[in-house]
Each structure stands twice: as C-alpha cells, then as structure tokens.
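Here, each number is a calculation from the coordinates, and none is a lab measurement. Just so we're clear, the structure is a prediction, and the values are computed from it rather than from any experiment. No Cβ is skipped: glycine too gets one built from the backbone with ideal geometry, and neighbour counts run over all protein chains shown.
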Amino acid sequence: MVKNRHTAGQAIPEVAFAAPVGTPVGLEVITLADLRARARARGTDLGAPQRPGFHHVLTLTSGALRQTVDFAGYVLEPGSWLWVRPGQVLQWGPLEEAEGTLIVFERDFPDAATVGAARLDDPHARVLHTPATEDAEALWVATAHLEREFRARGRLPLDTHIAVVRHLLDALILRVAHLEASGSRAAEPGETFLRFREAVERDFARTRRVDDYAAALGYSARTLSRAALDSAGVGAKEFIDRRVVLEAKRLLAHTDHAAARIAAQLGFSSATNFAKYFHQRAGQAPIAFRVAVRGRTQTLSE
C-alpha cells in the first residue's frame with residue numbers, strides 16, 4: 001500500500017494501490033504495528049488527509065482509534081469494523097494506542113459476484129459496523145484465516161495462492177456487508193427513496209431542485225420529501241444539499257481548484273453563489289474549510 005507524503009497546505013493526495021513485492025496483486029493484509037513501522041521508515045504522515053483509490057477494511061484487537069472519513073469522525077473499539085471506500089477522504093487518528101488489522105484491496109480484486117452482493121461500490125454504505133457477539137467471533141476467525149494465508153505466500157503456486165486469499169477476502173467482506181443489511185432490515189429504504197437517491201448521486205451537479213427530480217422520476221415533490229424523511233431522516237432538499245456539500249468538501253480538500261472552477265463543477269452560476277451556499281450549509285466559508293482540513297492558511301483564488 002503506497003501512502004504519499006503530504007505537506008501542510010497541499011491538496012489531499014490521491015493514494016494509489018501498490019502491493020509489496022511478492023504479495024498478491026490487489027490485496028494487502030497488515031497489522032497496525034507494521035503500518036506504524038512502515039510509516040516511520042518512509043517518513044509518512046499517517047495523520048494527513050488522503051483520498052485512497054482502494055478499499056480499507058479495519059478492525060481493532062485492543063485500544064481505541066479515532067478515524068475521520070469524509071470529514072465525519074468515527075471511534076473504533078475492539079471488535080468494531082471501519083470500511084472506507086475508494087474516493088472517500090480518510091484521515092488516520094493517533095495509532096500509538098491501538099492494535100488491529102488493516103485489509104486493503106483494489107476494486108476489482110474480489111470476485112465479481114461478491115462485488116454485487118457486498119455492494120462494494122455503494123457510496124451510501126455504512127462506514128462503521130459493530131457486530132453482535134456471534135458475528136464478531138465469525139469475523140475474527142475469517143480475519144485470522146485471511147491474514148494467515150496472506151502471509152503464507154510461497155507455499156502454494158502463485159495462482160492458487162491468489163485464488164485462496166480472494167475466496168477468503170470474499171467471505172470476510174460479505175460478512176461485514178451483511179452486518180449492515182441485517183442491522184437495518186427494519187428500516188429498509190423503499191423503492192421511491194432508492195430511485196431518488198440514485199438520481200441524486202447521478203445528477204447532483206446538474207440540479208439541486210426537488211421538482212426536477214420529481215419530474216424525472218414521475219413522483220410529486222411531496223412524495224420524494226416524505227420518502228427521504230422516512231429513509232434518511234431529512235427532507236428531499238436537505239438530502240440533495242448534503243450530497244452537494246460533501247462533494248464540495250472533497251474538491252476543496254482534495255484539489256487546488258479555484259472557487260470558480262469548483263462552482264462550475266457543481267453547477268453553480270458563480271463562485272460567489274457557491275460560497276454563499278457552502279457557508280450557509282457548512283457553517284464556514286470554502287477557504288476556511290480548506291485551511292482547516294489542510295492545517296495552514298492557503299489562498300483560494302476566485
């Protein structure tokens with residue numbers, strides 16, 4: 001796993017996957033102790049925000065760890081699981097008081113059937129999972145088996161070794177994905193909301209008007225708002241606005257684009273309108289957000 005050096009004030013680096021020499025292409029299993037040692041050896045700042053292009057699945061065996069994913073904080077404890085998907089902005093908390101296992105893999109490493117069944121590309125999937133005791137035990141066994149086989153490379157022909165660890169990874173991530181499905185079964189989103197959510201994900205940079213989505217989907221604006229409130233806890237307009245603000249935060253943190261360019265990417269008529277919109281919903285100006293994420297003052301040109 002490659003982690004780019006980050007200097008305060010620079011755009012968040014987009015981290016590409018590179019498995020260590022001799023390991024299966026597309027997968028790495030590493031302890032947090034080894035991750036700390038690697039970071040020290042390479043001079044990598046693990047606390048700097050980054051935007052990985054691959055999956056992170058993390059669990060702890062001891063201690064506690066605070067992670068930030070897409071600018072929201074999550075606290076991991078032993079037995080809990082954190083799943084960061086490609087494109088999300090990740091910031092590691094202090095690792096000195098936590099031990100555990102990190103599994104990183106590229107989008108196309110799992111079996112194609114697993115990609116669909118585990119909803120690997122779902123941008124709305126839950127980040128933090130806390131399994132019940134029975135599930136926790138099964139996940140611990142699956143993780144230990146995967147880690148053992150990953151480290152046993154060389155004992156089997158490479159193709160066979162890759163097939164074994166792929167199957168073990170499939171089993172593990174299907175179990176983690178099932179935690180979300182079973183935990184939310186009582187509040188399964190309805191078809192109306194799912195269609196609306198998919199449309200927002202596709203078109204949020206084109207329109208922020210509920211009426212436009214209602215017309216495109218064949219519902220009334222009131223129906224969409226009721227569906228969003230029932231499934232997401234917010235009305236349709238708020239749901240759209242939150243998606244736009246998230247993308248704005250990603251662009252502000254991840255790129256050095258000027259406000260005018262970000263405004264255009266998100267469908268605003270001007271940098272001024274974008275700045276007002278962002279400030280009203282994020283509680284701070286775009287430049288203030290960029291400064292806070294990167295850690296020092298930096299100019300956002302108009």
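Answer rounded, prolate or oblate for segment 14-186, using the Cα gyration tensor with square roots of eigenvalues a ≥ b ≥ c: rounded when a/c is under 1.5, else prolate when a/b is larger than b/c, else oblate. If you can, show how the numbers build up before the last one.
Details: a/c = 1.34, a/b = 1.04, b/c = 1.29.
Note, shape of segment 14-186 comes out rounded.
Within the listed set ARG208, ARG166, ARG281, the Gaussian network model of the chain (springs between alpha-carbon atoms below 10 Å) gives the highest mean-square fluctuation for ARG281.
Considering only GLN88, THR133, ALA205, the residue lying farthest towards the positive end of the dipole of the chain is ALA205, judged by Cα position with unit charges set on Cβ. Given a 10 angstrom Cα cut-off, can you work out which residue in GLU247, GLU97, GLU147 is the most mobile in a GNM of the chain? Fluctuation is largest for GLU97. Rounded, prolate or oblate for the chain? Axes are the square roots of the Cα gyration tensor eigenvalues, ordered a ≥ b ≥ c, and the cut-off for rounded is a/c under 1.5. It is oblate, given that a/c is not under 1.5 and a/b is not larger than b/c.
The mean sequence separation of alpha-carbon pairs under 8 Å and at least six residues apart, normalised by the residue count of the chain, gives a relative contact order of 16 percent.
Can you tell me the dipole magnitude for segment 14-186 around its Cα centre, using point charges on the Cβ only (Lys, Arg +1; Asp, Glu -1), in Debye to the nearest 20?
Values: 17 positive and 22 negative charges, 56 e Å.
In total the dipole reaches around 260 debye.
In terms of packing, defined here as the mean over residues of other Cβ atoms within 10 angstrom, the peptides 105-114, 222-231 line up highest first as 222-231, 105-114.
Going by neighbour counts of Cβ atoms within 10 Å, the residues LEU90, LEU102, LEU146 line up, fewest first, as LEU102, LEU90, LEU146. Once the Cα atoms are used to define both axes, helix 271-282 deviates from the longest principal axis of the chain by about 60 degrees. Of all the options TYR277, TYR74, TYR219, the one that moves most in a Gaussian network model of the chain with Cα springs shorter than 10 angstrom is TYR219.
Under the definition of Cα pairs under 8 Å and six or more residues apart, what whole-number percent is the relative contact order of segment 191-294? Provide the component values of the computation, followed by the final result.
Details: 98 pairs, mean separation 22.6, N = 104.
Across segment 191-294, relative contact order equals 22 percent.
What shape does segment 240-291 take by its C-alpha gyration tensor, where a ≥ b ≥ c are the square roots of the eigenvalues and a/c under 1.5 counts as rounded, a/b above b/c as prolate, and the rest as oblate? Rounded.
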